[in-house]
Structure formats: structure tokens, C-alpha cells
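Below you'll find the structure, written out as C-alpha cells, and then a few comments.
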Amino acid sequence: MNNSKPSILLSIKPIYAALILSGRKTIELRKTFSKEFVNFRIYLYSTYPVRKIVGSVDIKSVESVSIDEISANYIEKACVDEKTLYDYFKNNKTGIIIEVENPLEFRKPIELAQLRKMKHLPHNSHRKIHMNDEFEYFLTKIYSENLKHLNSKAIR
């Protein structure tokens, strides 16, 4: 089975990465993000102090909405409180909600040193991973191994 899919590397605070991988956080909030990424896979780079790619999740939808609408309809699924929401979006009238699904936590997260060797350092926000390059093959292999492990546990 080919698990290759267009993907991005997303930098995210460790608490939010853990909440996404647990399935509790199904909405990620961003100030900017392209709708072109719908149906892409996100590889989650958990920032300091973790500094590892800890898992992946698929993008179900991307939508620009008012901050007040986020507060009224998405705050629980985003796992943030009102103060955090309004502090993050200060001076913005709209924000991006990224609906995610199919979280997969990696048994062996990918270390920053390994990313450096491959010359694929995470950006402050996100970056597209080009299909058919060495890094994309590497991530797809890691994803497939973890999915296979998860499926073998479910069968038991």
C-alpha cells in the first residue's frame, strides 16, 4: 500500500502536538495558511524543548473565519481558552481553522539532528514537502511503519 500523500511540516508547541495526537484537539489555529493544503498530511514538528517530528495528522478542511466565530464555535476543539485565542490573534479580525483527522503518533520520533543531516530544518510555521524527494520518501516510510504497527496492535 502506498501511503504517500502531499504533505507539510508544521511547527507546533509540544502541548498542542500532544493534544492533536491524542485526538482531543481536532482544530489547529493559524494566522495564515493556504486552502491548497486540504487533504495534505501534516508532519508535526514539536518545538522546544522536544524538537522532534512526533507524528502526523491529515487535513480535512481549511477555512478562514472571524475570531468571534472561532470563539463561539471552535474554541473547545482547538483546546485553547479565550485569553490565549485573543492574545494569539491580536489585531486580526479573522483566523484560519485547520480541521484535522487520523492522528498517528510515531513510536520513535524523528530527532532534530536527523532532520539537520537531511537538510530539512523546520520553519517557524510550516513548509511544503516536495513530492518524490528523499525527505518525502523518508517521512512516508516512517508513517507506513507506524501505521503498520498501529494496525497490528488493533488486530490483537
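The values are calculated or read from the model by the stated rules, or taken from the named source; none is laboratory data. Computed from a prediction, not measured in an experiment: that's the story for all the values here. Here the Cβ positions follow ideal geometry from the backbone for every residue, glycine too, while neighbour counts run over all protein chains shown.
Rundown of residues vs (1) at pLDDT 85 or above; (2) surrounded by 13 or more Cβ atoms within 10 Å (Cβ to Cβ), yes/no style:
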site: K119; (1), (2): no, no
site: K128; (1), (2): no, yes
site: M131; (1), (2): no, no
site: E136; (1), (2): no, yes
site: S144; (1), (2): yes, yes
Heads up, the strands (runs of 3 or more DSSP E) in region 21-120 (entirely inside) with at least 2 residues that are of a type outside the set (A, V, I, L, M) and in contact with a Gly (Cβ under 9 Å, 6 or more places away or on another chain) are 41-46, 52-66, 94-111
Within the set of pairs 6 or more residues apart or between chains, which connect a residue that is without any contact (Cβ under 8 Å) to a residue 12 or more places away in the chain inside region 77-96 to a residue that is of a type in the set (S, T, Y) and not in a loop (DSSP other than H, G, I, E, B) with Cβ atoms less than 7 Å apart?
-> E82/S71
For residues that are buried (at least 17 other Cβ atoms within 10 Å of the Cβ) and among the β-branched types (V, I, T), scanning just region 51-74, find the one that is farthest from the chain's Cα centre (by Cα).
-> I67
In region 107-117, what residues are closer than 24 Å to Y16 by Cβ and either at pLDDT below 80 or over 18 Å from the mean Cα position of the chain (by Cα) (or both)?
-> A113, Q114, R116
Answer yes if at least one residue in region 83-106 is within 18 Å of T140 (Cβ to Cβ), surrounded by fewer than 20 Cβ atoms within 10 Å (Cβ to Cβ), out of contact with any Phe, Trp or Tyr (no Cβ under 8 Å at 6 or more places or on another chain) and of a type in the set (D, E, K, R), and no otherwise.
-> yes
In region 47-76, anything closer than 29 Å to P6 by Cβ, in contact (Cβ under 8 Å) with a residue 12 or more places away in the chain and of a type in the set (S, T, N, Q) is listed as T47, S56, S61, S64, S66
How many residues does region 1-20 contain that are among the hydroxyl-bearing types (S, T, Y) and either free of Cβ contacts under 8 Å to residues at least 24 places away in the same chain or part of a loop (DSSP other than H, G, I, E, B) (or both)?
-> 1
Test A78 against the criterion of being at pLDDT 95 or above and within 19 Å of L150 (Cβ to Cβ), and give yes or no.
-> no
